[in-house]
There are 2 protein chains.
Amino acid sequence: MGISIKALVFDVYGTIFDVLSVSKACEEMYPGKGEDLGKTWHSKQMEYLFLHQLMGRYIPFSEVTKEGLRFSINEHLGEKLGAAKEQELFEAFLHLTPYPEVAETLEQLKEKELMVFSNGSHNMLDPLVENAGYAPFFKHIISVDEIKQFKPSLYSYQYMLNKIGLKHEEILFVSSNNWDVAGAKNFGFQTAWINRKKQTVDELGLDPDFIFEDLTGLLNWK
Amino acid sequence: MGISIKALVFDVYGTIFDVLSVSKACEEMYPGKGEDLGKTWHSKQMEYLFLHQLMGRYIPFSEVTKEGLRFSINEHLGEKLGAAKEQELFEAFLHLTPYPEVAETLEQLKEKELMVFSNGSHNMLDPLVENAGYAPFFKHIISVDEIKQFKPSLYSYQYMLNKIGLKHEEILFVSSNNWDVAGAKNFGFQTAWINRKKQTVDELGLDPDFIFEDLTGLLNWK
């Protein structure tokens, strides 16, 4: 299975870390509102990321994340967040909860080259990976901020491929975001969709090559 | 107010017609499921439109609409739709219900140049406008299909501007989709957001110039 695969390239948000774990920080600041605030925050964060890319306006993920937070606070609480509270909630994104199987799975895959490729800017991505203690697993931590083109733009995947110096067919691209798997497939990678939430597969004509319930499915390549 | 405005350019889906009126056709075919089917259909239709554009894959809106429908049927009913039923539901998009104030408002604005500019391909857009009897109101019916770049890409708005032969500042761009208003604003148009559902304004740094509850707010320009 996948004998030619030399490197596993991981998406980060939703794939390694549970993005909705920001709800906990929201709940502490606004009791009873944490889940709604976290869900809307993440959903708007993703929508804004796509919209800025579509409009040709690159804005680092740290800023997009704050825009999403502002919308969510306004939507659910009808207020504006002061700078100190905004910074406090933003920092929840630097301490997301990893999924339980991640560390053990990455450890078992250490014969392969492992790397991450994320829409997160380095000012979010690096502390997140560091704080979880995962930095030693990865040969590269690559951010779209280096080329200022968000996934699923073709340019973003091309940049990553150039940077790691491997061939398309030597890479297995791993993401729990169906749109990211579709983008990677569109670029020509083999793809594994980590379908943690048993979601219906998208109808984009870009089906994943492999579908697993969590990262342990990748142990086929160890 | 807006003395320099020569033309009002209207978005179509959500702005002139109620997209969720497709739920009625869904309900007739699948009793008890119409509202869910319609909502998911439209939401995926929009997500896929953005994703195809982000990936550099232009696919006509008629096809994107069918992809969204397939997802919705699979999501809510766990089945695939046969070709005949798919076509029957697709045709609901050619007979959307217009909002009640549209015809009277357009009639009163006839001293201005009125036109539509839509992500819909002509095979959807033209019959929709015809079926409602609105074709005589519009000097141009412009589809992104002519340039194969979906809104909110800069290229799409630029194409429309070239086609109508006016200047940026002579146009008021009208949409009920906040992302579309943001895209038009990003391109340099004056914009009016028709906020029919009293939604929270997006935090994209591209606020609308005007916000109205329905199209009658445009009578300021008659």
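Quick notes on this one:
- Residue pairs whose Cβ atoms lie under 6 Å apart, separated by 6 or more positions or on different chains, with the first residue in the stretch A:17-38 and touching a residue at least 60 places away in the same chain (Cβ under 8 Å) and under 22 Å from A:Leu215 (Cβ atoms) and the second assigned to a helix (DSSP H, G or I) and aliphatic (A, V, I, L, M), are A:Val22/A:Ala92.
- Single residue of the stretch B:46-76 satisfying the filter (within 17 Å of the chain's Cα centre (by Cα) and among the acidic types (Asp, Glu)) that is nearest to B:Met29 (Cα to Cα): B:Glu63
- B:Thr216 among the polar types (S, T, N, Q), within 17 Å of A:Glu47 (Cβ to Cβ) and open to solvent by 20 Å² or more (accessible area, probe 1.4 Å): no
- Filter result for B:Gly78 (small (Gly, Ala, Ser), more than 29 Å from B:Lys148 (Cα to Cα) and within 14 Å of chain A (Cβ to nearest Cβ)): yes
- Pick from the stretch B:49-69, criterion of a type in the set (S, T, N, Q) and more than 9 Å from every other protein chain (Cβ to nearest Cβ), ranking: farthest from B:Ser121 (Cα to Cα): B:Thr65
- Test: residue in the stretch A:180-192 that is away from chain B (no Cβ under 14 Å), in contact (Cβ under 8 Å) with a residue 40 or more places away in the chain, open to solvent by less than 30 Å² (accessible area, probe 1.4 Å) and assigned to a strand (DSSP E or B): no
- Any hit, the stretch B:84-93, residues being in contact with a Leu (Cβ under 6 Å, 6 or more places away or on another chain), among the acidic types (Asp, Glu) and away from every other protein chain (no Cβ under 14 Å): no
- Within the stretch A:121-150, considering residues that are in a loop (DSSP other than H, G, I, E, B), hydrophobic (A, V, I, L, M, F, W, C) and open to solvent by 20 Å² or more (accessible area, probe 1.4 Å), the one nearest to the other protein chains (Cβ to nearest Cβ): A:Ile147
- Among the helices (runs of 4 or more DSSP H) confined to the stretch A:16-111, the ones with at least 2 residues that are within 30 Å of B:Phe187 (Cα to Cα), open to solvent by 40 Å² or more (accessible area, probe 1.4 Å) and touching a helix residue (DSSP H, G or I) at 6+ places or on another chain (Cβ under 9 Å) are located at A:34-54, A:61-77.
- From the options B:Asp126, B:Asp36, residue that is acidic (Asp, Glu), farther than 23 Å from B:Leu154 by Cα, more than 15 Å from the chain's Cα centre (by Cα) and at pLDDT 95 or above: B:Asp36
- Every residue from the stretch A:151-176 that is open to solvent by 30 Å² or more (accessible area, probe 1.4 Å) and of a type in the set (S, T, N, Q): A:Gln158, A:Asn162
The values are calculated or read from the model by the stated rules, or taken from the named source; none is laboratory data. These figures come from a predicted structure and were not determined experimentally. Quick reminder, even Gly has a Cβ in these numbers, built from the backbone with ideal geometry, and neighbours come from all protein chains shown. Quick note on the areas: whole protein, heavy atoms, side chains included, nothing else; ligands and nucleic acids left out. Shrake-Rupley method; radii C 1.70, N 1.55, O 1.52, S 1.80 Å.
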